[in-house]
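The values are calculated or read from the model by the stated rules, or taken from the named source; none is laboratory data. Everything numeric here is computed off the predicted structure, so don't read it as measured data. Backbone-built Cβ (ideal geometry, glycine too); neighbour counts: all protein chains shown.
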Amino acid sequence: MDQAHDLSPGLLRQRRNLTLTSAALLFLSFAEAEIHSFQILGISATFGRPEAVVFGLTAMAFYFLYRYALYLRQEPAFGLRSEFFSRLNRYAKPKILDLRDHKYPAGKGLELAEEFGVRKASAFSWTIQVGSQQDGAGGYMTNDLIVPLKEVWWEAIKASLMAIVARSYFTDYVFPFLLAAAAVFFTFR
């Protein structure tokens, strides 16, 4: 599994701003708060149009979301692809072996020579090399096995979810987007 890395200071700043603004919008929405005035540092302000506060916070949330997306693009690779294929290979191995044993019965009990993620056969299938039969020298011969996504769809969904949710990737990168989307949705519903 790829090692996690520290988020850059710029991305941390943008994530903090986006999270605070989105959380404030959600709080105001769920509390059904109407802000008519507030006081900060001894300065009192009264609003003739209190809804301007919500629109201002929403504009700030969109701005911070844009900035967060810009900084996120500059981060190093997240390792999602390798984590997905690592999990998919682990979860789908019994099905791959069954498919191999059905197509190449002489290869039963042999190792897989290749794993998912190396070659694509099409948009919805992978090609992997499998041991298809033993040779006379104690080794084995390989053949290609095409594994359609429909054969391993559940394993692919599970691998996708686990690659994202079971790591800090979700809270570091995805959660701020979800929080911002929820804030805007609940503010203007």
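At a glance:
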{"read-out": "Test: residue in the stretch 128-147 that is over 28 Å from the mean Cα position of the chain (by Cα), within 16 Å of P94 (Cα to Cα), surrounded by 14 or more Cβ atoms within 10 Å (Cβ to Cβ) and among the β-branched types (V, I, T)", "value": "yes"}
{"read-out": "Among the candidates A159, A121, A137, A77, residue that is in a helix (DSSP H, G or I) and of a type outside the set (S, T, N, Q)", "value": "A159"}
{"read-out": "Total residues in the stretch 109-118, condition assigned to a loop (DSSP other than H, G, I, E, B), on the phi < 0 side of the Ramachandran plot and surrounded by 14 or more Cβ atoms within 10 Å (Cβ to Cβ)", "value": "5"}
{"read-out": "Criterion violated by R15 - all others in (1) surrounded by fewer than 18 Cβ atoms within 10 Å (Cβ to Cβ); (2) over 30 Å from F116 (Cβ atoms); (3) among the basic types (K, R) satisfied", "value": "(1)"}
{"read-out": "Odd one out for R49, checked against (1) outside any helix (DSSP H, G or I); (2) in contact (Cβ under 8 Å) with a residue 12 or more places away in the chain; (3) not acidic (D, E)", "value": "(2)"}
{"read-out": "Residue satisfying condition, being farther than 30 Å from T21 by Cβ, assigned to a helix (DSSP H, G or I) and aliphatic (A, V, I, L, M), within set I128, I96", "value": "I96"}
{"read-out": "Selection count where residues are in a strand (DSSP E or B) and either surrounded by 12 or more Cβ atoms within 10 Å (Cβ to Cβ) or over 40 Å from the mean Cα position of the chain (by Cα) (or both), scope the stretch 25-39", "value": "2"}
{"read-out": "Any hit, the stretch 73-92, residues being within 27 Å of A183 (Cα to Cα), at pLDDT 85 or above and exposed (fewer than 12 other Cβ atoms within 10 Å of the Cβ)", "value": "no"}
{"read-out": "In the stretch 158-189, residue modelled with the highest pLDDT [restricted to those that are surrounded by 12 or more Cβ atoms within 10 Å (Cβ to Cβ) and either of a type in the set (V, I, T) or at positive phi (or both)]", "value": "V184"}
{"read-out": "Condition met for T46 (surrounded by 12 or more Cβ atoms within 10 Å (Cβ to Cβ) and either in contact with an Asp or Glu (Cβ under 8 Å, 6 or more places away or on another chain) or over 30 Å from G136 (Cβ atoms) (or both))", "value": "no"}
